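Only one structure is covered here, and it is reproduced in the block below.
The values are calculated or read from the model by the stated rules, or taken from the named source; none is laboratory data. Small disclaimer: the values here were computed from a predicted structure and weren't measured. Positions of Cβ are generated from backbone atoms using ideal geometry, with glycine treated the same way; all protein chains shown enter the neighbour counts. What goes into the accessible areas is simple: the full protein's heavy atoms, side chains included, and nothing from ligands, DNA or RNA. Shrake-Rupley method; radii C 1.70, N 1.55, O 1.52, S 1.80 Å.
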Amino acid sequence: KLNKDILVKDYLIYYLFEHRKNGVSGRKVTDNTFASYFDLGKYIERYLGDKRVVDVTLEDLRDFICTLQNEGKAETTVKKVRDILTSLINYANKDKITEENVLQGERLTIKESKGAKEKKIMDKESVRVFLKYCNEHKYCDLILAQLTGCRASELARNLLERYRF
């Protein structure tokens, strides 16, 4: 039930199912994308979850984004969390939980990193050693991930479906 006393963590669940599940402008999101929203929502829940939505200030939001960056979270992760948080605050206003949108005319900025991190790519010998180790220890899921290039979330979903966890 939506009311002015709803906590951020409770509204986050409502927001994800009512507003994000069907996507923006009615475009339904994939299960993987929806799962990623939940993963990113854990950051929001951890920092702002026990606060009432109506009590969240612009300063709270800026401090939260700063904290994520200071913890060394990847820039793309911080941007995705910021985008979900911005949308959540906008929908709280549309859902009449808040009387004013604390983000109205404001933007949550992210400090740009100083250059991209160098990506480390395994050479053929490293891949051979890795696959041999995985084979000896029956790490079939890691072999599958290495050979197909699928994402961890895709691999997890496929394993859950296969073994019906």
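Checking the condition closer than 28 Å to PHE38 by Cβ and open to solvent by 90 Å² or more (accessible area, probe 1.4 Å), which residue from LYS79, LYS111 passes? Walk me through it before giving the result.
On the way: LYS79 fails: open to solvent by 90 Å² or more (accessible area, probe 1.4 Å).
Of the residues listed, the single one that is closer than 28 Å to PHE38 by Cβ and open to solvent by 90 Å² or more (accessible area, probe 1.4 Å) is LYS111.
Exactly one residue out of ASN101, ASN158, ASN135 is surrounded by 12 or more Cβ atoms within 10 Å (Cβ to Cβ), under 20 Å from ILE13 (Cα atoms) and polar (S, T, N, Q), and it is ASN101.
Candidates are the residues of the range 1-43 that are in a helix (DSSP H, G or I) and among the small types (Gly, Ala, Ser); the one that is most open to solvent (accessible area, probe 1.4 Å) is SER25. Only one of the numbered conditions (1) loosely packed, with under 13 Cβ neighbours inside 10 Å; (2) closer than 23 Å to ASP5 by Cβ; (3) of a type in the set (D, E, K, R) is not met by ARG52, and that is (1). The helices (runs of 4 or more DSSP H) found entirely in the range 49-161 that carry 2 or more residues being small (Gly, Ala, Ser) are 75-94. Pairs linking a residue in the range 52-65 that is touching a residue at least 12 places away in the same chain (Cβ under 8 Å) to a residue that is surrounded by 13 or more Cβ atoms within 10 Å (Cβ to Cβ) and of a type in the set (Ser, Thr, Tyr), with Cβ atoms under 8 Å and 6 or more positions apart or on different chains, are VAL53/TYR11; VAL53/THR98; VAL54/THR98; PHE64/TYR47.
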